[in-house]
Each structure stands twice: as C-alpha cells, then as structure tokens.
Amino acid sequence: MRDMNSNSESRLRGFMPVLALLALAILINYVDRGNLSIAAPALKDELHLSGTRLGLLFSAFFFAYTAFIFVNSWLVDRFAVNWVLAGGFALWSLATTGTGLVTGFATLFLMRLLLGMGESVAFPTSSKILAQNLPECDRGFANGLICCGMKLGPAAGIFGAGMLMAKFGWRPVFIGIGLISLLWLPAWFRWMPRRPAKPAGSAISGAAGYADVLRQPSFWGASAGHFCFNYLSYFLVSWLPFYLVHERQLAMTAMVKTAGAYYVLDALSAFGTGWLTDFLIRRGASVTVVRKGAMFIGASLAAAGLAGCAMAGPQTYLWWLAVLGVGSGMGGAGIFTFAQTLAGPRTAGRWAALQNGFGNLSGWISPALTGYLLDRTGHFTAPLAIAAIVCVIGGLAWVFGVGRLEAATWAPVRAATLAPAE
C-alpha cells in the first residue's frame, strides 16, 4: 500500500504542470462563458434586451457548444489532442475580446456562437489527456482539481470581472480578459504532455467507434446524469447574479461578494470530493460505490439547496445557497471520471465528447426556459423548483443508469489509424 501511494505521489508530481494548466484553462473557460451573466443587468439596459432575448443570448453559447462537441469527438481521435485544445483556446479567447466590441443583439449573438465553438474542445481534450496519463486511483483528484477550476471560473469572474465592470464598464473588461487569456498558450506549448507514438502497424486494444460507444447502456446513464448536472450548472452560471440582484435585492457589490463566496464553496467541495474519493479507493473501497455515492449525495444536496432557496426568506436563503454549493461541487467532481474509466485511454476522448454533447443539450433549455418563466411569473420560484427536480433525476441516473465502473472491452485497432497524443 505504501509503495502504491509513493508511486502515485511521484506520478502526480511529474504531471502537475500539465494538470495545473488544464485546470487553469477550464477556469478561464468558465470566466469567459460566465462574464455575460455578470454584465447582464447593465447590458440588458444598454442594448434594450428583454428577459427572453437575454435568455436566448445565454443559450446561443450552448447551441454552438453542443453542436461542436460532437465534432470534437472526431477531432480528438484524429488529430493531436494537445493542438486541438490550443486551437479551441485561441478561438474562445478571441471571441471574448470581440464581445467587448459588439453593437447590438445580432453581433453579440454571433460572438456567443464563436465562444461556444471554441470552448467545446476543453472537456473532451482534457479527459483524453487524463485517461492517457493517469490511473484510476489518481483521476478523482485530477478531475476534482479541474472541476475546481470550473467552479472557480465564475468566482474569479464575479470577484475580478464584476468589480472591474462596476468601475470601468463591461466592454473594456471583455476586451482585456480575452487578450490576457492568450498568455496561456505559450505556457501550454512549453509543458503540454508529449507521449511517443506507438510503432506504426502495431496492434493496440481499447479503442472504439461511435456505434460501439452508443451501444453501451452505461453511456446513456452517464449522459442522462451529465444532462441533469449541466442543467443546474448552466442555470447558476447564467442566472445566479441576476437572481441575487432582482430576487434578493442585492446591490452590485453585495451580489459580487455573495456569488463569489458561493462559487468558492462550490470549488472547495469539488476539490475535496475528488481527493476523498481517491483516498477511499486507494484504501480498497469499491470504485463503483465510491464514485456513484459521491454523485448521488451531491445531487441530493443540490436539490435540497434549490428547494430551500425557493422557499426561504431574506434571512435564511444564504444557508440554503451554501447547501446548494456543497452539493453542486460534489456532483461535478466525478462527471468525466466516469467516462475516463468506462471508455479506457484510447476511447476516453470520444466517449467524453459524446457524453458532454448529449449532456449539454440542457444548455439549450435551462437558460432560455428560465428567462421565459421570469417573463411570465416575475420571480425565480418555478425555475428553482424545476432545477431541483432535474437534480433528483440526475442522482438516480448515476446510480441506476450506469453499470459497474470498469473499462469496456473494445475491439483491437491498428496504431497507424490513431493520432499521436502530442
């Protein structure tokens, strides 16, 4: 046991520059996609947008994001995964810059589409990189750290971009963040993982085509659970600042502090869950029980937090928001761990991309449906209730829709047909 822990620690230390850059890329990814929700109160007035149009702008990102995730399921298996990630990163950073230059609804809608296209590469590529370089007992921590970046992105956006927008306006902030983000690329080119390709013509097991993945019952269970988690995630990323300002009557500075604290708690929960699940697995606990248990408990806590926020008064809603943050972090930490385990290293990118694609169909629904319900009812009770029900369904999907967590057996393929990992 001591030797296994020592080897694991050594392996992780060597991989930490890559893991840190992946987590940073996801953090930037979520800063960029969430900045529109922070700017929404000011942008809504400046561009004279209705709640429905604002919801469409939130959903526009997901129209492109979801469509291009399916494209990425092909890209990550046909081209060098490191360069696919770099190209997507450059595109989404430039789209963020362009958002600061828009003149109306149409150009803003276009920038959101381009942002979605670029950001769609992040999770398929990172999942493939982790599956190729880390064993099962290290993936909880690695995915928890990446999920921590996902959760801290909105927090960084709230604390940093929110304060800057309050002082300088939203346009300069979008331009500045987009340009500064491009500094990530030289660091990635320096430290990205370099794996030697297998000799051409040698046989490699553990790869599958689209039909093979889609025939797996566990794929559909994981996709259903992913859909439900993303419904919650995109509801919060899109509407949490607006909820705090308009439903709870917080001033801009108070909203920034409250939403930022929520995302920090969410991130800490994700990081702690990833570490704890790996700890338990190294001690001999069942991978299936540990991974599924964390997802079910997280979904249940998130549902309770949402229901509490819907019913709570001004003195108690913050406690329920904290419960929601803990549950959301737990539920997000293991989503891509399932894909990496079930698919195996060669198919992890394809499985993760397809799962993420179906999971992100919720992005077409959640932000726009919330905007529609707000226009109809004037408050957040119905959107919160719907999100709570979706969370319960998601928890059940992870437990009962996914089978035993072990790698599927795929037909052997020829190495010459596979792209190198560099």
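Computed from the coordinates by the stated procedures, all read-outs in this text should not be read as laboratory data. Please read all numbers here as calculations on a predicted model, not as lab measurements. Backbone-built Cβ (ideal geometry, glycine too); neighbour counts: all protein chains shown.
Observations on the structure shown:
- Which of M16, M117, M330 has the fewest Cβ neighbours within 10 Å, and the rest in rising order: M16, M117, M330
- The mean sequence distance of close C-alpha pairs (under 8 Å, at least 6 residues apart), as a share of the length of region 65-185, puts its relative contact order at 40 percent.
- Total lysine pairs under 20 Å (Cα atoms) in the chain, excluding pairs fewer than 8 apart on one chain: 4
- Rounded if a/c under 1.5, otherwise prolate or oblate - the chain, Cα gyration tensor axes: prolate
- Mean separation of Cα contacts under 8 Å, 6 or more apart, over the residue count of region 245-404: relative contact order %: 30
- Of the residues L361, L324, the one with the fewest other Cβ atoms within 10 Å heads the list, and the complete ranking is L361, L324.
- In the chain, the calculated helix contribution to ellipticity at 222 nm averages -26000 deg cm²/dmol per residue, counting -39,500 (n - 2.57) for every DSSP H run with n ≥ 4.
- Computed label-point distance, nm, for sites A285 and R190 using a 7 Å Cα→Cβ extension: 3.8
- Mean Cβ neighbour count within 10 Å, used as a protection proxy, ranking 179-185, 394-400 highest first: 394-400, 179-185
- Relative exposure of W170, W83, judged by other C-beta atoms within 10 Å (fewest first): W83, W170
- Per residue, the convex hull volume that the Cα atoms of region 49-113 enclose (Å³): 69
- Region 208-332 - Debye-derived log10 I(q)/I(0), Cα point model, q = 0.10, 0.13, 0.14, 0.15 Å⁻¹: -0.39, -0.61, -0.69, -0.76
- Sorting the segments 30-37, 402-409 by their mean number of nearby beta carbons within 10 angstrom, highest to lowest, gives 30-37, 402-409.
- The value obtained for region 345-415, namely the Cα convex hull volume divided by the number of residues, is 99 Å³ per residue.
- Across all Cα pairs in region 113-251, the calculated P(r) in 5 Å bins from zero up to the longest distance comes to 2, 6, 9, 17, 18, 15, 13, 9, 6, 3, 2, 1, 0 percent per bin.
- Using C-alpha pairs under 8 Å with a sequence gap of at least 6, the mean separation divided by the residue count of the chain gives a relative contact order of 30 percent.
- Computed FRET value (nearest 0.05) for T316 with T409, which takes r as the C-beta separation and R₀ as 60 Å: 0.70
- Label-point separation in nm, W275 to S50, each point 7 Å along Cα→Cβ: 4.9
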